[in-house]
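One structure below.
The values are calculated or read from the model by the stated rules, or taken from the named source; none is laboratory data. Quick caveat, the model's predicted, so the values are computed rather than measured. Positions of Cβ are generated from backbone atoms using ideal geometry, with glycine treated the same way; all protein chains shown enter the neighbour counts. Note: accessible area is taken over every heavy atom of the protein model, side chains too, but ligands, DNA and RNA are not part of it. Shrake-Rupley method; radii C 1.70, N 1.55, O 1.52, S 1.80 Å.
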Amino acid sequence: MPTKKRRKSVLRKPAAKKNAASKALSRKKTAAAPPKAAARRDYKALFHRKLTENHLFYEAGRIIASETEPFELIKKIISVINKEVPFEDAAVYTVKKDMTGLDPFYYSGPSFRKAVLDTVYYDNGAPGNIASTGESIFLQDAALYEGFLQYPEERQKPGSYLGIALKNESRVIGVMGFSHSEPRAFRVDDLDTIRTLSPLISAGFEKAELFRKTLELSRVDELTGLLNYRVLMEKLTEEVRRKIRTGRAFSFIMIDIDDFKRVNDRYGHLEGSRLIAQMGPLLRTACRTDSTDICFRYGGEEFSILLAETTMEEAAAVAERIRHAVEEYPFSVKLSHPEEKITISLGISSMTGDKLKSIVELINEADIALYNSKAAGKNVVMCYSEGCGMPAAGDAERRGLP
């Protein structure tokens, strides 16, 4: 019996120790409860941020899939980024064709209200450094950075800045930068978000640029750089509609190089092509292409000009200036053969007053005036008048009318 009592007492002691240990463990678990609650709150914030990032990527992808104009694409993507990253100013530079520096492409924000942006060269300022290294820049205090951040004339000032390189598979194609007037306005997560988004932006921008160039090639004559016949028809349709809506006059000029066949026959088709190619920039310079005049290559050695909000008399003055400019221009064929003369004949039609014409009628009238210029001796400006007809065949043959 005494032995049994001792065994019971031995068994009770471990039981008492276990209860004490259990209580201590319970107290530790209670003390550890608040960190677990905090961890749950952190996971909730992380989940919300990832959800926001996913939405940002979705919106950027949707814009890239639907937008084909490069400037509008960048503008919309930056607007979407601003919902996630709290920047005040944004600037995008693109690498020049000769890869010697960066050209300003897009900028917005209070810092650019009085700024004049110009070319940024490699290793110059934040954009130049990003372009030359391909690495991002993240600054919590921009005042500590030596050199400008967004544009060459920017003075040193406090604030925050982050910038990334836009790259394709082989090289940097541009730089995108964001800034804020307050220091420490950006988080590292903001840089990570934009850096992760940059390949998508780069691919979308290159796609839009390729589409723009393809569309431009389909609308521009390759030899002269002037708009082609298809665009001429579009612009004439627009002007006729504007005339109906506003009553404003417009005029149309047809131009033909005199004796172009002679140039081809004497000096070869290569010299003839050079002559046509040189007519493109010459016409753009002689016309008011910065305001109302649009130049086209009509076909062959024929060109045309659409003059918005221009009367017949005003168009005649423009045509005379063009005629004189061509007569005096040092074409390559004239440099090789000083005795050679290059001139043009011009015919003008107009849509004024209450009388409306079809596009076919307008072009035909300018064409009739052009052929009368040929019949009058070439190197002449003629305006179409009511009842004017094509010159007689005999006169045409005597004048060398083709």
Note on the chain: helices (DSSP H) long enough, at least 27 Å by alpha carbon along their axis, and hydrophobic enough, mean Kyte-Doolittle at least 1.6, are none
Given a 1.4 Å probe and heavy atoms of the protein chains only, how would you sort V188, V80, V116, largest accessible area at the top? V116, V188, V80
Summing -39500 (n - 2.57) over every DSSP H run of at least 4 in the chain, dividing by its residue total and rounding to the nearest 500, the 222 nm mean residue ellipticity is -17500 deg cm²/dmol
Taking a spot 7 Å from the Cα of E72 along the direction of its beta carbon, which residues of segment 243-262 have an amide N less than 15 Å from it? none
Which residue, G268, G225, G159, has the most motion in a Gaussian network model of the chain that connects Cα atoms within less than 10 Å? G268
With R242 itself left out, Lys, Arg at +1 and Asp, Glu at -1 over residues whose Cβ is under 12 Å from its Cβ give +2
Shape of segment 263-402, Cα gyration tensor, a/c cut at 1.5: oblate
Please list I359, I342 in order of solvent-accessible area, largest first, computed with a 1.4 Å probe with all protein chains present. I359, I342
Where the centroid of each part is defined by its Cα atoms, how far is segment 59-108 from segment 259-323 in Å? 38
Ranked from the most accessible area to the least, with a 1.4 Å probe and all protein chains present, what is the order of L215, L306? L215, L306
Please list the equivalent ellipsoid semi-axes of segment 69-147, computed as the square roots of five times the alpha-carbon gyration tensor eigenvalues, in descending order and whole angstrom. 20, 18, 13
Let's test the formula: R0 of 45 Å, r as the Cβ-Cβ distance of K114 and S218. What FRET efficiency results, to the nearest 0.05? 0.70
FRET E, pair F211, A392, Förster distance 60 Å, beta-carbon r, rounded to 0.05: 0.70
Could you compute the FRET efficiency for S273 and D103, with r as their C-beta to C-beta distance and R0 at 45 Å, rounded to 0.05? 0.90
Run the accessible area of segment 205-244 with a 1.4 Å probe and give the carbon-and-sulfur part as a rounded percent. 58
Report R297's accessible area, 1.4 Å probe, all protein chains in place, as a number in Å² to the nearest 10. 40
Just to confirm my numbers, what's the Cα centroid distance between segment 178-200 and segment 210-251 in Å? 42
Which pairs break 26 Å Cα to Cα here: K76/K235; K261/K357; K76/K213; K75/K167; K50/K75? K76/K235; K261/K357
May I ask you to give the average projected area over all directions of the convex hull of the Cα atoms of the chain, in nm² rounded to one decimal? 35.0
Mind grabbing the accessible area of R266 for me, 1.4 Å probe, Å², rounded to tens? 150
May I ask for the net charge around T68, where only other residues with Cβ less than 13 Å from the Cβ of T68 are counted and Lys, Arg are +1 while Asp, Glu are -1? -2
Of L370, L217, L144, which has the largest mean-square fluctuation in a 10 Å C-alpha GNM of the chain? L144
With every protein chain present, what accessible area does M233 have (1.4 Å probe, heavy atoms only), rounded to the nearest 10 Å²? 50
